[in-house]
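Inspection log for the structure reproduced underneath, given as structure tokens.
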């Protein structure tokens, strides 16, 4: 039984790592551009187009996105398409584990994952215009109290990158190792 | 920007040219130039309310259209808003002195669990610019803060904002509480925020979902006009 994992580009490394770790040879990965997160309203259409293109080529298609800022529209679209997706609001939540993340109830933390620690400039600093207008930093981040790096892997270079990001944003730094959280468990059931 | 534009002396422009230049300067987020232009118009004995509506609000409306159409992005809108804020800081005390028209009063705030206030601040600024009195509750507001404020401030409009899909359902808790207290229909309830949409706005029982600050202003004006017509 061949399964397609249609994933956010920000999860590519993690999904491939899980394939390798678990020897999931029945799964294939296709990623949509991670920068769709900068315009989440475009995610449902992009996912639908990719699902429709892949139909007939696989026995099963699984959408490796959480809600990701679509306000329930992605879940509704997946239901229409007859495909399952990851539960939860976003990857920060399912990496930590949806239940644990919700229980923590942190509202003043800005999160980075391995992907975002690696791509901080391309996905946070530049799209927010902070490379050209650093004076906007506190308008964006003034209400946050800390930067939490949710680490999927033990990687000193990434930890340092996340720490530098916290310094750039003027926020205290905290690292939490999450591993792959709910992502591994969800894919493991397919 | 061309050398010709850099050498522009604002005081040498006639009123019409100066207002058009202000649209450009707002668009480019040039706060010092807006400050200077507002002072020039005041010196030319423009009414503060006219400077606000004809130059600043209209300029920001253009910014809003290009943001909606994907020509401008959040950083540019923030810079434009910063420029408008600088102009408004000059005008605000004068508007109070000159008794500018008040279209209504709005209580606005970001919902509980949410600390994002960029959109909410833009709406508050544009509403003020359009002639509404705005009481800003800030971020992370529980239901009781909203209810207390709308009663205490004798507001016409309640505005709620959320950026997160996890926090936007809280708007329904606020509206349901208003229904329970029998006060829902005493207020116009407007909601907004990036993950919201019109369907959501309807489903939770708001009067309208506003996709951006300019739409919020137009919607608020429309509902206030209806409210006055009902009373007439």
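The values are calculated or read from the model by the stated rules, or taken from the named source; none is laboratory data. Everything numeric here is computed off the predicted structure, so don't read it as measured data. We place every Cβ from the backbone using ideal geometry, glycine too, and count neighbours over all the protein chains shown.
Among the residues of segment B:187-202 satisfying the criterion of being more than 10 Å from chain A (Cβ to nearest Cβ) and either touching a residue at least 24 places away in the same chain (Cβ under 8 Å) or in a loop (DSSP other than H, G, I, E, B) (or both), which is farthest from residue B:124 (Cα to Cα)? Write out each step before concluding.
Of all residues in segment B:187-202, those more than 10 Å from chain A (Cβ to nearest Cβ) come to B:187-192, B:198, B:201-202.
Imposing the further condition that a residue be either touching a residue at least 24 places away in the same chain (Cβ under 8 Å) or in a loop (DSSP other than H, G, I, E, B) (or both) reduces the set to B:187-192.
Details: B:187: 17, B:188: 15, B:189: 14, B:190: 12, B:191: 13, B:192: 12 Å.
Going through the qualifying residues, I end up with B:187.
Go through segment A:37-51 and count every residue that is within 14 Å of chain B (Cβ to nearest Cβ), surrounded by 18 or more Cβ atoms within 10 Å (Cβ to Cβ) and over 24 Å from residue B:203 (Cα atoms).
Total meeting the criteria: 1.
Would you mention how many residues in segment A:133-163 are assigned to a helix (DSSP H, G or I) and over 12 Å from residue A:118 (Cβ atoms)? Steps first, please.
Within segment A:133-163, the subset assigned to a helix (DSSP H, G or I) is A:134-141, A:156-163.
Of the ones still in play, those that are also over 12 Å from residue A:118 (Cβ atoms) are A:134-141, A:156, A:163.
Going through segment A:133-163 one residue at a time, the tally reaches 10.
Out of the residues in segment A:52-67 that are touching a strand residue (DSSP E or B) at 6+ places or on another chain (Cβ under 7 Å) and buried (at least 20 other Cβ atoms within 10 Å of the Cβ), state the one that is farthest from residue A:3 (Cα to Cα).
Ranking the qualifying residues of segment A:52-67, first place goes to A:65.
For segment B:97-104, check the following and say yes or no: at least one residue is in contact (Cβ under 8 Å) with a residue 40 or more places away in the chain and within 13 Å of chain A (Cβ to nearest Cβ).
no
Can you name the residue in segment B:29-48 that is surrounded by 17 or more Cβ atoms within 10 Å (Cβ to Cβ) and touching a residue at least 40 places away in the same chain (Cβ under 8 Å) and, of all such residues, is nearest to residue B:73 (Cα to Cα)?
Ranking the qualifying residues of segment B:29-48, first place goes to B:29.
Tell me which residues, restricted to segment A:89-122, are within 11 Å of the chain's Cα centre (by Cα) and either in a helix (DSSP H, G or I) or within 14 Å of chain B (Cβ to nearest Cβ) (or both).
Start the filter on segment A:89-122 by keeping residues that are within 11 Å of the chain's Cα centre (by Cα), which leaves A:89-95, A:111-116.
Hits for segment A:89-122 are A:89, A:90, A:91, A:92, A:93, A:94, A:95, A:111, A:114, A:115, A:116.
Only one of (1) at pLDDT below 95; (2) under 25 Å from residue A:43 (Cα atoms) fails for residue B:210. Which number is that?
(1)
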